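Encoded as structure tokens, the structure appears first; notes follow it.
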Amino acid sequence: MQIRSLKLLNFRNYEKIEVNFSNKFNLIYGKNGMGKTNLVEAIYVLALTKSFRGSSERVLIHKNSNLTRIEGVVLDNIDTNYKIIISETGKKAKINENQVNKLSEYISKIVVILFNPDDIKMIKDTPMIRRKAMNVEISQLHNNYLKYLNRYNKILKQRNSYLKTVALNSSSSKEYLDILTEKMVDVGAIVYDMRCKFIKRINEYAKDIYKNIAISGELEIQYVSDFADFDKENILKKFKKVLNKELMFGKTQFGIQHDDLKFLLDGQNMKEYGSEGQQKNAIIAFKLSEIVIFKKEKGILPILILDDLFSELDSEKIKNILELIDDNVQTFITTTDIQKVSSEIRSKARIFEVIDGNVREDNEK
């Protein structure tokens, strides 16, 4: 899978540009604040319809404009035109000029694996951040994942609302609550199974990849869930045990909405015991594992974005990472200092300099 060209209209600090990319390495360099990350962010938005920066969609629109348009030609067996239009009234996705009615049906058409300095939050931050990251990655692997996740969240919202009703009115039907609980467990079991299988696959590859990057250390990603070793009858019994607490708080206390990941290095939780360098290596091992999974299960190679990698890791780790990347993976690397990039990579890359929202191809290797 490769993105051949990208057209931007009123995206962040870009008014109107068109860029053609190499199908191998693309180096994007420039000073901070010039728009390097904005350029790879646009590729990410084209794939997933939202930014990895977590900012509101309004900030994606160039000042004094009321919409932004991101358009790209992507090769996956055949060339296909994709388009995302974001305005103050909403968001539209088009494939070959045909509008896609549900964004969940659009996601997974373009597969992007991203490493960004903020990804360290996957280890350092809250379970919600880790769940969001897991949801993004699995939704690209399975296009029906978001359908089940959205269905689960809808039932969860209904159940929370009804818990408040029962708490205020004890004569309210408990049978309806039982129906909602069973529905939630049934759908949750599907999401749990997808998450469980995904993390199991990640672990098949991440351990060796981490060792190749960091030389030493045993990495394991542990999936923590209320639905662990799923058994419907036992799960329903656990819901009954926490019912009084749920009625007290008016909120569901049990379920996959509490799922979490633990990154373990030599058996110790990296959140407490891992150095920042070890944490970054673990995240990159996680991301590179996904490339192997997509290749083996889907027969495709995702687009890889390494944002600001050279400011994050030492030269030896970077060399080890780049050696692990399949030669056929289209890779985007952003950096403030092109001299930090080895002459070997520069010699086979297409190089772009970004200056204040303008992109210039640099033919000097």
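One residue is enough: does region 2-11 have a residue meeting the conditions touching a strand residue (DSSP E or B) at 6+ places or on another chain (Cβ under 7 Å), touching a residue at least 12 places away in the same chain (Cβ under 8 Å), closer than 27 Å to SER139 by Cα and not in a strand (DSSP E or B)? Within region 2-11, not a single residue is touching a strand residue (DSSP E or B) at 6+ places or on another chain (Cβ under 7 Å), touching a residue at least 12 places away in the same chain (Cβ under 8 Å), closer than 27 Å to SER139 by Cα and not in a strand (DSSP E or B). Scanning region 114-128 for residues that are surrounded by 18 or more Cβ atoms within 10 Å (Cβ to Cβ) and assigned to a helix (DSSP H, G or I) yields a count of 3. In region 345-361, the residues that are assigned by TED's automatic domain parsing to the domain that holds ILE321 reach residues that are part of a strand (DSSP E or B) and hydroxyl-bearing (Ser, Thr, Tyr) with C-beta atoms within less than 7 angstrom, at least six apart or across chains, in these pairs: GLU353/TYR29; GLY357/TYR14. For region 279-305, the candidate set comprises residues that are without any contact (Cβ under 8 Å) to a residue 60 or more places away in the chain and part of a helix (DSSP H, G or I); within that set, the residue that is surrounded by the fewest Cβ atoms within 10 Å (Cβ to Cβ) is LYS296.
Return yes when ARG131 is under 30 Å from LYS271 (Cα atoms) and at pLDDT 95 or above and no when it is not.
In short, yes.
Among residues that are small (Gly, Ala, Ser), within 26 Å of the chain's Cα centre (by Cα) and surrounded by fewer than 16 Cβ atoms within 10 Å (Cβ to Cβ), ALA206 is not included. Within region 44-75, if we keep just the residues that are assigned to a helix (DSSP H, G or I) and touching a residue at least 60 places away in the same chain (Cβ under 8 Å), the residue that is nearest to LEU8 (Cα to Cα) turns out to be LEU46.
How do the helices (runs of 4 or more DSSP H) wholly within region 221-278 filter down when requiring 3 or more residues that are over 25 Å from the mean Cα position of the chain (by Cα) and either at pLDDT 95 or above or assigned by TED's automatic domain parsing to the domain that holds LYS174 (or both): which remain?
232-241, 243-249
Would you check which residues across region 57-83 are in contact with an Asp or Glu (Cβ under 8 Å, 6 or more places away or on another chain) and closer than 15 Å to SER5 by Cβ and list them? Within region 57-83, VAL73, ASN81, TYR82, LYS83 qualify. Just one of the listed residues (ARG151, ARG131) is touching an Asp or Glu at 6+ places or on another chain (Cβ under 6 Å), more than 23 Å from LEU301 (Cα to Cα) and buried (at least 17 other Cβ atoms within 10 Å of the Cβ), and it is ARG131. Among the conditions (1) modelled with pLDDT of 95 or more; (2) within 22 Å of LEU261 (Cβ to Cβ); (3) among the hydroxyl-bearing types (Ser, Thr, Tyr), the only one that THR181 does not satisfy is (2). So, in region 60-75, exactly how many residues are modelled with pLDDT under 95 and either under 20 Å from the mean Cα position of the chain (by Cα) or outside the structural domain of SER22 (by TED's automatic domain parsing) (or both)? So the answer is 1.
The values are calculated or read from the model by the stated rules, or taken from the named source; none is laboratory data. Just so we're clear, the structure is a prediction, and the values are computed from it rather than from any experiment. In this analysis, Cβ positions are derived from the backbone assuming ideal geometry, glycine residues included, and neighbour counts consider all displayed protein chains.
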